[in-house]
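Everything below concerns the one structure shown next.
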Amino acid sequence: MRRRKDIDQLRGVAILLMVMVHSAATWAPSDASTTSFLALIIGGLGGLAAPLFVTVGGWVTVQSKWTLRKALIRFVFLYAAQILVNISAPQRFDPFSPGVLTLFALLYLTAPLWVRISKNIRATILVGVGIITLNQILLSGHEALDWDDRTFVGSLLEHVKHLLLTGTYPLLPWILFSLFGASLNNFNPSRRTLLILGFAGFSISAYFLYKSIQEKIPFAQPSGGAMLTFFPANTAFLIAALTGVLLIWAMLENRNSKIGIHHLGRLSLTLYVVHFIPLSIFANLNLGLSSASVLVLGYTLLWWPLSLVHQRLSPTRSLENMLRSITQQR
């Protein structure tokens with residue numbers, strides 16, 4: 001099937017958001033407010049990066065011809081890529097910390113199960129509600145874990161536990177976004193339907209905001225005592241993230257980019273791995289709020305023209321092409 005530029009464009013938006021949130025976390029001044037309007041905007045948009053990534057991954061997987069051999073190759077390749085990311089950012093990760101790439105590895109390995117579920121709308125809704133409910137039940141057992149607890153791996157058992165439940169991107173509940181993406185592919189809802197669902201989710205998210213104001217607790221934070229938390233992904237975050245993904249999808253689906261942002265999407269794996277290297281090298285910069293903001297914006301947008309140059313000069317040199325070549329070898 002012909003590769004769709006609009007889907008690559010959605011993936012390109014996700015990689016820009018992910019670079020933005022990672023660079024902001026690296027270079028933000030230690031005394032920067034986490035409740036200011038700027039912090040909420042960056043946190044809100046950055047919080048949509050991984051949900052959008054995984055949703056697009058679910059959509060694309062439906063298009064892919066799954067074989068066990070292909071799944072095992074991708075599983076090993078993505079695991080190795082995650083280790084490379086961890087080594088590139090030792091200040092953030094243990095060498096064997098599960099992350100978003102190991103999540104993709106596990107999702108592709110289990111794809112026959114959740115892709116089949118996504119073909120039935122009732123089963124999709126039932127399983128989706130079940131994932132959210134189970135996640136909420138298990139949340140109390142690990143919501144107090146800090147970043148080090150979620151990334152340190154001292155044994156194989158701990159690695160598996162982080163991979164499935166307690167890590168930064170565990171299978172539960174992140175499989176929800178893959179199921180959602182696969183459903184978007186199977187049922188292809190109209191833009192009107194997406195906007196209606198998005199408005200419903202926005203209304204629920206607005207209630208969460210109202211409740212946070214009434215109870216005088218932070219609305220959104222990466223972790224800790226907030227209404228929406230990313231580590232772990234609580235119920236309020238899952239609803240808000242699905243809402244954001246719906247709205248972005250409604251705006252960009254079937255609309256081809258004339259400014260080349262789809263090239264970012266074609267290099268998403270490569271850019272995800274590579275962008276950590278400068279962040280690691282220059283992690284100790286001591287910046288004020290203004291200079292940090294300019295640096296984060298510049299570093300984020302830098303990858304856009306670099307992807308255009310790459311596609312013109314050396315389009316075959318990428319981790320994506322390497323994975324494709326290995327998979328196709330017999």
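Here the Karplus curve 6.51 cos²θ - 1.76 cosθ + 1.60, taken at θ = phi - 60°, turns the phi angles of the range 65-82 into couplings of 7, 7, 9, 4, 4, 4, 5, 5, 4, 5, 4, 5, 4, 5, 4, 5, 5, 5 Hz, with x standing for Gly and Pro. If you take all C-alpha pairs in the chain, what percent of them are over 24 Å apart? Tail of the P(r) past 24 Å holds 55 percent of the pairs. The length gained by stretching the chain between residue 280 and residue 72 to full extension, at 0.36 nm per residue less their Cα-Cα distance, is 71.9 nm.
The candidates 18, 322, arranged from most to least accessible area with a 1.4 Å probe in the full protein assembly, appear as 322, 18. In a DSSP loop and with at most 11 other Cβ atoms within 10 Å, the trypsin sites (Lys or Arg not before Pro) in the range 133-228 are 216.
Ranking of 266, 2 by solvent-accessible surface, largest first: 2, 266 (1.4 Å probe, protein heavy atoms only, all chains present). Please say if the range 130-278 is rounded, prolate or oblate, where rounded means a/c under 1.5 for a ≥ b ≥ c the square roots of the C-alpha gyration tensor eigenvalues, and otherwise the choice is prolate for a/b larger than b/c and oblate otherwise? Oblate is the answer for the range 130-278, as a/c is 1.5 or above yet b/c matches or exceeds a/b.
Pair-distance distribution P(r) for the range 122-212, from all Cα-Cα distances in 5 Å bins starting at 0: 3, 11, 15, 18, 18, 15, 10, 6, 3, 0 percent. Placing dummy labels 7 Å off each Cα toward the beta-carbon, the span from residue 203 to residue 113 is 3.5 nm.
Residues whose amide H falls under 5 Å from that of residue 223, counting only those 5 or more places apart or on a different chain, are 230, 231, with hydrogens built in the peptide plane.
Once both labels are positioned 7 Å from their Cα atoms along Cα-to-Cβ, the gap between residue 289 and residue 308 label points is 3.3 nm.
Our helix-only sum for the chain, with -39,500 (n - 2.57) per DSSP H run of n ≥ 4 divided by its residues, gives a mean residue ellipticity at 222 nm of -22500 deg cm²/dmol. Among 12, 99, 225, which one moves the most in a GNM of the chain with springs linking Cα atoms closer than 10 Å? Maximum among the listed residues: 225.
Here the range 87-112 is scanned for amide nitrogen atoms under 18 Å from the site 7 Å beyond the Cα of residue 186 along Cα-to-Cβ, giving 107-112. Placing +1 on the Cβ of every Lys and Arg and -1 on the Cβ of every Asp and Glu, with nothing else charged, gives the range 115-242 a dipole about its Cα centre of roughly 720 debye. Annotation for residue 160 and residue 125: the two label points, set 7 Å from Cα along the Cα-Cβ direction, are 3.6 nm apart.
For the range 21-26, backbone phi angles converted through the Karplus equation (6.51, -1.76, 1.60; θ = phi - 60°) give residue-by-residue couplings of 6, 5, 5, 5, 5, 7 Hz, Gly and Pro being listed as x.
For a straight C-alpha distance cut-off of 28 angstrom, the lysines reachable from residue 70 (same-chain residues fewer than eight places away being disregarded) are 5, 119, 161. Residues whose amide H comes within less than 5 Å of that of residue 234, counting only those at least five positions distant or on another chain, are 229 (H built at 1.01 Å from N in the peptide plane).
Counted by Cβ distance under 11 Å from residue 99, the other residues give a net charge of +1, where Lys and Arg count +1 and Asp and Glu count -1. About its Cα centre, the dipole of the range 235-330 is roughly 360 debye, where the only charges are +1 on Lys and Arg Cβ and -1 on Asp and Glu Cβ.
Once you list every other residue whose beta carbon is under 11 Å from the beta carbon of residue 269, what net charge do they have if Lys and Arg are +1 and Asp and Glu are -1?
+3
For residue 66, the accessible surface of its heavy atoms amounts to roughly 90 Å² (probe 1.4 Å, protein chains only, rounded to the nearest 10).
The distance linking the range 228-280 with the range 31-93 is 8 Å (Cα centroid to Cα centroid, whole angstrom). The string of couplings for the range 113-126 from the Karplus curve (6.51, -1.76, 1.60, θ = phi - 60°) is 6, 6, 5, 5, 4, 5, 7, 10, 5, 5, 5, 4, 5, 4 Hz, one whole number per residue in order, with x for Gly and Pro.
Simple point charges give the picture: +1 on the Cβ of Lys and Arg, -1 on the Cβ of Asp and Glu, and for the chain a dipole about the Cα centre of about 1700 debye.
The values are calculated or read from the model by the stated rules, or taken from the named source; none is laboratory data. The model shown is predicted, which means the values in this text are computed figures rather than measured ones. Glycine gets a Cβ as well: all are built from the backbone with ideal geometry, and neighbour counts include every protein chain shown. In case anyone asks, the SASA skips ligands and DNA or RNA and just uses the protein heavy atoms, side chains included. Shrake-Rupley method; radii C 1.70, N 1.55, O 1.52, S 1.80 Å.
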